Amino acid sequence: MTAATKHQVQRMKPIEFENGTVQIDAAIVAEGLGLAPSLLQEEMRAGRITSLAERGVDADSGRHRLTFFSEHRRFRVVVDETGAIVQRSAVDFGDSVLPKSVRKAGR
């Protein structure tokens, strides 16, 4: 990701909260998991990509951590109450496969 792209991602608010649900721009998730955006929805439907949403408490109140899992990669974003990304990280486990318990649907 170029510096200009990083600045643009941080400046925009790609996360929205509505009626208890969290919506994130699919292009951000695809990039974080190292996938073509066109494959993301297909992989999610097949259960090969799962997610976990957590709400911060105490010192992290107002923040949300969204984690996405593929077979070999974990992508995580932390957003503030406005939906702005404050932190993002990705871990590629190479040839190691993440345990299925981590990749359960709805997790």
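None of the figures in this text is laboratory data; all of them are computed from the coordinates on show. Please read all numbers here as calculations on a predicted model, not as lab measurements. Counting neighbours? That spans all protein chains shown, and the Cβs are built from the backbone with ideal geometry, glycine included.
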Legend entry - Cα→Cβ-extended label distance, 7 Å offset, between Gln87 and Ala26, nm: 2.9 nm
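Order the peptides 36-42, 79-85 from the highest to the lowest mean number of other Cβ atoms within 10 Å of their residues.
Packing proxy ranking, top to bottom: 79-85, 36-42.
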Legend entry - Theoretical gain in end-to-end length, Leu39 to Asp80 [0.36 nm per residue, Cα-Cα removed]: 12.0 nm
Inset, instruction - Using 0.36 nm per residue of separation minus the Cα-Cα distance, give me the extension gain between Val97 and Arg48 in nm, one decimal. - result: 16.5 nm
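Could you compute the FRET efficiency for Glu16 and Val57, with r as their C-beta to C-beta distance and R0 at 22 Å, rounded to 0.05?
On the way: r = 21 Å, r/R0 = 0.98.
Efficiency at R0 = 22 Å is approximately 0.55.
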